[in-house]
1. Given H placed on each backbone N at 1.01 Å, which residues far from residue 59 in sequence or on other chains put an amide H within less than 5 Å of it?
2. For a footprinting-style exposure proxy, rank 207, 36 by other Cβ within 10 Å, fewest first.
3. Rank the residues 137, 20 as a footprinting-exposure proxy: fewest other Cβ atoms within 10 Å of their Cβ go first.
4. Which pairs in the list 117/176; 117/161; 131/237; 66/146; 107/161 are over 29 Å apart, alpha-carbon to alpha-carbon?
5. I'd like to verify something in the chain: which complete DSSP H helices, judged by Cα projection on the helix axis, reach 20 Å or more and average at least 0.5 on the Kyte-Doolittle scale?
6. Normalised by the residues of region 44-170, what does the relative contact order come to in percent, with Cα pairs under 8 Å and at least six apart?
7. Name the residues whose placed amide hydrogens come within less than 5 Å of the amide hydrogen of residue 115, ignoring near sequence neighbours (fewer than 5 apart) on the same chain.
8. Which of 196, 74, 58 sits farthest toward the positive end of the charge dipole of the chain, with +1 on the Cβ of Lys and Arg and -1 on the Cβ of Asp and Glu?
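Values quoted throughout were computed directly from the atomic coordinates according to the rules given, and no laboratory measurement underlies them. What you see is a predicted model, and the numbers here were worked out from it, not measured in a lab. Don't worry about glycine lacking a Cβ; one is built from the backbone with ideal geometry, like all the others, and counts go over all protein chains shown.
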Amino acid sequence: MITEYKSRAIILHTIKHGESGHIVYMYSEHHGRIACYVNSTRTGRPTIGKTKISLQPLTIIDYVGKPNNKGDFHRILQAKRAYLADGLMFDIHKSTVALFMAEIMYKIIRDTEPNPKFFDFLITSITTLDKMESGESNFHMYFMAKLLSFLGYTPQNNYEKDTYLDMLLGKFVVIKPQHPNFFEKKETFLFAQISVSNPEKLGEIKCSRTLRINLLNGIISYISLHHETRYNIASLKILSEIF
């Protein structure tokens, strides 16, 4: 028997559906990635609950849901905002990073099984970014490096100076690979720095706009290679303009 359940969730993405509704994709603490249908307001914005919660990407909600035995969509019976992220809403730098993180999560996370440790990582990432006082320009690289460990693609811990990260082997190598799937030395060094850093120290890592974007593209290519899917992340262009 299908019963109601209570859970937390992170809003990932919304897509307009028909004249008066939206499909909302969420990552739920108890159900992994799910989709639900919600009605729109007169202005066309998707909302849920009597308090009309705006479903912006990375919004964290507490909700009461119910699976639908006639389809893939869950029903959201009640919902309220679980965390007020002022920093993500009003700081252009943080909101741009949040947009990137939401797009990555929406396009890459497909698991429909619960993963409490991964959910906690995502919640901590969102709240940490929201509260940061410096270093947000490097946070998306930190997020991507940590994401690799949950996807099972963390490189071997064998970094040495002047090495390359070989994406096929998943380790650092001294000799430049003969194939195109590797990080150049500058990107490899930055990746090694970011991987062992923590959010409080991210502001101390200095890098150029070009190097930052190159590393992000490299990590996305690394994930794409192992997923055998090319991920086109549109928000990278916005990142390159802000940072």
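1. Distant-sequence amide H within range of residue 59: 11.
2. Values: 207 20, 36 23.
Listed from fewest to most nearby Cβ atoms, that is 207, 36.
3. Numbers: 137 21, 20 11.
Ranking 137, 20 by Cβ neighbours within 10 Å, fewest first, gives 20, 137.
4. Cα-Cα > 29 Å for 117/176; 117/161; 66/146; 107/161; rest within.
5. Working: long enough: 92-108 (24 Å, 0.85); 116-131 (22 Å, 0.36); 209-227 (27 Å, 0.36).
In the chain, the long hydrophobic H runs are 92-108.
6. Relative contact order of region 44-170: 18 percent.
7. Hits under the 5 Å cutoff: 32.
8. Highest projection toward the positive end goes to 74.
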